[in-house]
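The structure appears right after this line, and notes come after that.
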Amino acid sequence: MNTLALGPSWLDPDYLIETFGLIGVLVIVFAESGLLIGFFLPGDSLLFTTGLLVTTGVLDTPLWLVCTLVVLSAIIGDQVGYLFGRKVGPALFRRPDSRLFKQENVEKAHEFFEKHGPKSLILARFVPIVRTFTPIIAGVSRMNYRSFITFNVIGGLLWGAGVTLLGASLGKIDFVHKNIEAILILIVLISVVPIVIEYLRARSQSKKAPAAEDGTQQAPRGRHAKR
């Protein structure tokens with residue numbers, strides 16, 4: 001099965017699976033779940049394609065085993081991210097930007113964690129980039145370890161097994177086979193939607209802030225004029 005390369009070949013799920021097999025999938029899931037260098041990896045489309053290739057027989061591994069290994073990789077990845085966050089602590093927020101590290105990614109994940117609390121570990125699984133940094137932020141915030149484990153396991157199950165099983169289920173449909181390129185592009189676009197929404201929301205708030213400051217500054221002058 002040939003799919004449309006989504007950007008560079010090393011970001012194309014089909015290429016990655018053909019080249020590195022199931023081991024490569026597990027390494028990528030692990031890296032994207034909690035290593036700083038893994039935020040750019042194609043997690044959602046990779047899992048979907050993995051499930052589809054299992055159904056079509058391209059990957060000669062039982063689906064239950066693939067799902068189990070993917071879930072374990074996701075959970076262990078988050079675990080490593082949490083421990084890294086606890087060890088590094090506030091220093092993470094002082095780290096300068098580089099080609100692979102942007103401070104704004106840490107700040108977005110921190111806002112996401114503060115907004116949604118422990119359940120952010122589940123929600124973040126379905127948001128690219130944020131899912132990489134959220135377990136690290138949980139460690140920085142010294143989230144209760146027992147709570148972290150609970151939400152980490154739930155999130156790993158829902159995302160790891162859920163997206164893989166979705167690919168396996170849809171892989172049985174002829175329409176999906178004939179339009180696999182469009183399906184993968186759609187998955188990537190859907191996964192980017194939360195980032196776009198967050199960007200627009202942050203931009204809107206940044207525009208409202210100066211207006212609010214101007215209003216507070218003008219209010220005293222108005223009262224003085226009445227006198």
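The values are calculated or read from the model by the stated rules, or taken from the named source; none is laboratory data. Note that the structure is predicted; figures quoted are calculated from it, not measured. Glycine gets a Cβ as well: all are built from the backbone with ideal geometry, and neighbour counts include every protein chain shown. To get the accessible areas, we keep the full protein, side chains included, count just its heavy atoms, and leave off ligands, DNA and RNA. Shrake-Rupley method; radii C 1.70, N 1.55, O 1.52, S 1.80 Å.
With respect to Leu69, is the statement that it is in contact with a His (Cβ under 8 Å, 6 or more places away or on another chain), at pLDDT 75 or above and either closer than 20 Å to Leu158 by Cα or assigned to a loop (DSSP other than H, G, I, E, B) (or both) true?
The answer is no for Leu69.
Report, by residue number, each residue of the stretch 53-89 that is among the polar types (S, T, N, Q), over 17 Å from Ala161 (Cβ atoms) and more than 22 Å from the chain's Cα centre (by Cα).
Thr56
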Which residue is modelled with the lowest pLDDT, if the candidates are limited to the stretch 45-58 and must be open to solvent by less than 20 Å² (accessible area, probe 1.4 Å) and not β-branched (Val, Ile, Thr)? Ser45
Looking only at the stretch 4-34, and only at residues there that are at pLDDT below 80 and among the hydrophobic types (A, V, I, L, M, F, W, C), the one that is farthest from Phe175 (Cα to Cα): Trp10
So, in the stretch 128-148, of the ones that are open to solvent by 10 Å² or more (accessible area, probe 1.4 Å) and under 15 Å from Glu107 (Cβ atoms), which residue ends up modelled with the highest pLDDT? Val140
Return the residue satisfying two criteria in turn: it lies in the stretch 114-133 and is touching an Asp or Glu at 6+ places or on another chain (Cβ under 8 Å) and not aliphatic (A, V, I, L, M), and of such residues it is nearest to Val66 (Cα to Cα). Phe126
Within the stretch 111-127, restricting attention to residues that are modelled with pLDDT of 75 or more and of a type in the set (Gly, Ala, Ser), which residue is surrounded by the fewest Cβ atoms within 10 Å (Cβ to Cβ)? Ser120
